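Visitor: My structure is below; once you've seen it, I'll send some questions.
Nothing in this text is a laboratory measurement; each read-out follows from the coordinates by a stated rule. Remember, predicted model here, so these are calculated numbers, not experimental data. Quick reminder, even Gly has a Cβ in these numbers, built from the backbone with ideal geometry, and neighbours come from all protein chains shown.
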């Protein structure tokens, strides 16, 4: 079925729906990469490349695609409206080849792709994150034909008629899975789209946490951050659906059914979208990783965040197995706890796009961004005793390019993606794109 959709996409000509112009930024230019900024700290990792993305710091979510030996990285941005395409064939020399402008006053930070279809989310901006409440905003999700990887053609625009979509997933095939702010619901819910005709997406089904629908008996605050991780047979969805780890039976896409759940809040960070930010199933093992998203800066106000191993041998009764160790700052710094560094400290994103043939398959290593603690690498070979086996912490930013973090200008690592060549891509609220490699030994000097 995936190849059928891919063939359909290749035959589609003019894009439909909301028209967004595509601006080339010197695809044929031959320039060297930006110099790697000094001041980073690392253990068993080393930066090999950096790009300031033509001055568009604050890159966010990423997706990658290899075409005829060329590697293209697609990125959303926190402080700019639109999407960047970078050629990372030579990871030591990443080159911006195109910027696709997005709608103003709109978050364009999320994306996913498979085969020749890319989906990009649009959402109303959180107040204080660069929005103008007096101006209109766009919302929903765009589908693109990327059979020409540097010249995406828009196929369609599906709208929620609400606040838009956040972190969506498209693992290939006929269905896309959205974290959607829909009318009549409190917070974001799961919406399943039928995109067998990508020019005409249609809702196939939806699921929400009891109490989210207006008029239902109020319960704890709930919300679906996304992405939904779908089993290979397409019958099961694993979700970080705050306040719980949620497992759904989706054999019938029109009627998702709850299989099992594990409440994580309390005692961890309170319910809401960030209480269970995402989950990461471990292929071939009855395990998944669950993590929250740090919210309060300087660890103030919120209960403890979590990054944890969950036993799902009995999917009707997920079981907490262990908690990841807290990262510790390198020696010689003026603070002994990342909470004292400023900004957010705690888990955020993992290497999620395992459905992509160009992304490193999930095994015993978990790559997790930790905001001011950069990227942390965990070994989960023994799921009862996860351990930190490496880290990369970008240097302190030298200039502010966006309003967050609000309290202090510090590094805030956001997303991570690892391609099948072993290149690790990291984005940050203030920096551009970092490209890092693992090393069997700590790099000489460590802190540069």
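Visitor: Pairwise over distinct Cα atoms, reciprocal of the mean inverse distance: report the Kirkwood radius of the stretch 217-338 in Å, one decimal place.
Guide: About 15.4 Å, per the Kirkwood formula over Cα pairs.
Visitor: Listing 265, 407, 298 from the residue with the fewest other Cβ atoms within 10 Å to the one with the most, what is the order?
Guide: Ranking 265, 407, 298 by Cβ neighbours within 10 Å, fewest first, gives 407, 298, 265.
Visitor: Next up: So what's the gap between the Cα centers of the stretch 387-401 and the stretch 226-270, to the nearest angstrom?
Guide: That distance is 31 Å.
Visitor: Still on this structure, I have one more. Suppose R0 equals 35 Å. What FRET efficiency, 1/(1 + (r/R0)^6) with r the Cβ-Cβ distance, do residue 38 and residue 364 give to the nearest 0.05?
Guide: About 0.60, to the nearest 0.05.
Visitor: Run the simple label-point estimate for residue 336 and residue 213 please: 7 Å along Cα→C-beta, distance reported in nm.
Guide: Modelled inter-label distance: 5.4 nm.
Visitor: Here is a follow-up. Using the basic label-point model (7 angstrom from Cα toward the beta carbon), what is the residue 440 to residue 159 distance in nanometres?
Guide: Calculated label separation equals 5.8 nm.
Visitor: In addition: Label residue 235 and residue 202 with points 7 Å out from Cα along Cα→Cβ: what is the distance between them in nm?
Guide: In this crude label model, residue 235 to residue 202 measures out at 2.6 nm.
Visitor: For all pairs of alpha-carbon atoms in the stretch 50-126, what percent lies in each bin of width 5 Å, listed from the first bin to the last filled one?
Guide: Histogramming the stretch 50-126 at 5 Å steps yields 3, 16, 28, 25, 17, 8, 3, 0 percent.
Visitor: Normalising by the residue count of the chain, find the relative contact order in percent from Cα pairs under 8 Å and 6+ residues apart.
Guide: So the answer I get is 16 percent.
Visitor: Ok, one more. Could you work out the relative contact order of the stretch 345-410, using alpha carbon pairs under 8 angstrom and six or more residues apart, expressed as a whole percent?
Guide: RCO, the stretch 345-410: 23 percent.
Visitor: Convex hull over the alpha-carbon atoms of the stretch 86-149: what's its volume per residue in Å³?
Guide: 110 Å³
Visitor: I'd like the antiparallel share, as a percent to the nearest 5, of DSSP beta bridges with both residues in the chain.
Guide: The antiparallel fraction comes to roughly 100 percent.
Visitor: What's the percent breakdown of Cα-Cα distances in the stretch 67-183 across 10 Å bins, shortest bin first?
Guide: All Cα pairs, binned at 10 Å, distribute as 14, 44, 31, 10, 1 percent.
Visitor: Residues of the stretch 330-355 with amide nitrogen under 16 Å from the 7 Å Cα-to-Cβ point of residue 400?
Guide: Zone members listed by number: 342-344.
Visitor: As a test of the formula, what do you get for the chain when each DSSP H run with n ≥ 4 contributes -39,500 (n - 2.57) and the sum is divided by the residue count, at 222 nm and rounded to the nearest 500 deg cm²/dmol?
Guide: Value at 222 nm, helices only, nearest 500: -500 deg cm²/dmol.
Visitor: Could you give log10 I(q)/I(0) at q = 0.12 Å⁻¹ for the stretch 265-402, computed by the Debye formula over C-alpha point scatterers of equal weight, without solvent?
Guide: -0.50
Visitor: Under the √(5λ) rule applied to the eigenvalues of the Cα gyration tensor, what semi-axes describe the equivalent ellipsoid of the stretch 163-241? Give them in Å, descending.
Guide: With the √(5λ) rule applied to the stretch 163-241, the semi-axes are 23, 14, 10 Å.
Visitor: When the expected Rg is taken as 2.2 N^0.38 Å, what fraction or multiple of it is the alpha-carbon Rg of the stretch 316-365?
Guide: Computed over Cα atoms of the stretch 316-365, the ratio equals 1.66.
Visitor: Using only Cα atoms, locate the centre of the stretch 67-119 and the centre of the stretch 122-193, then give the distance between them in Å, rounded to an integer.
Guide: First find each Cα centre; the distance between them is then 16 Å.
Visitor: Evaluate 2.2 N^0.38 Å with N set to the residue count of the stretch 356-448, then give the Cα radius of gyration divided by it.
Guide: 1.16
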